[in-house]
């Protein structure tokens, strides 16, 4: 199994997407990762923005963003939309479900 490459965005695009798709301050003092910024844009983008992301970054780059997503970054609807588009465009499998948080109730 191959691993996804680290998601990197052109700085201008990262700044634009962050200002458009994040309306809250980061939880920590660390800057948001490019993968987080891209995942948020992929979830909230209009169809014109979807096409721009596909054209600007390419399907492999967008697939890598999905594979690096942490739980809660993609809702099921957005995941299914992108999974269908990117599986077809790349010919590579993407999991059926987005990453999910799991809790062991016995640990509490």
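The values are calculated or read from the model by the stated rules, or taken from the named source; none is laboratory data. All values derive from a computational prediction rather than experimental measurement. For neighbour counting, all protein chains shown are included, and Cβ atoms are generated from backbone atoms with ideal geometry for every residue, glycine included.
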Exclusive hit being under 14 Å from residue 16 (Cβ atoms) and outside any loop (DSSP other than H, G, I, E, B), set 52, 83: 52
With the condition kept exactly as written, say whether any residue in segment 87-94 is surrounded by 13 or more Cβ atoms within 10 Å (Cβ to Cβ), part of a helix (DSSP H, G or I) and touching a helix residue (DSSP H, G or I) at 6+ places or on another chain (Cβ under 6 Å). yes
What are the pairs with Cβ atoms under 7 angstrom where one residue, in segment 2-31, is at negative phi and in contact (Cβ under 8 Å) with a residue 60 or more places away in the chain and the other, located anywhere, is part of a loop (DSSP other than H, G, I, E, B) and surrounded by 11 or more Cβ atoms within 10 Å (Cβ to Cβ)? Sequence gap at least six, or different chains. 4/68; 7/68
Could you list, in sequence order, all residues of segment 32-45 that are in a helix (DSSP H, G or I), without any contact (Cβ under 8 Å) to a residue 40 or more places away in the chain and touching a helix residue (DSSP H, G or I) at 6+ places or on another chain (Cβ under 8 Å)? 34, 35, 37, 38, 39, 40, 41, 43, 44
Filter segment 20-33 for residues that are modelled with pLDDT of 95 or more and buried (at least 16 other Cβ atoms within 10 Å of the Cβ) and give the result. 21
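Just one of 59, 71, 98 is in contact (Cβ under 8 Å) with a residue 12 or more places away in the chain, surrounded by fewer than 11 Cβ atoms within 10 Å (Cβ to Cβ) and under 21 Å from residue 6 (Cβ atoms); which is it?
Exactly one residue qualifies, and that residue is 71.
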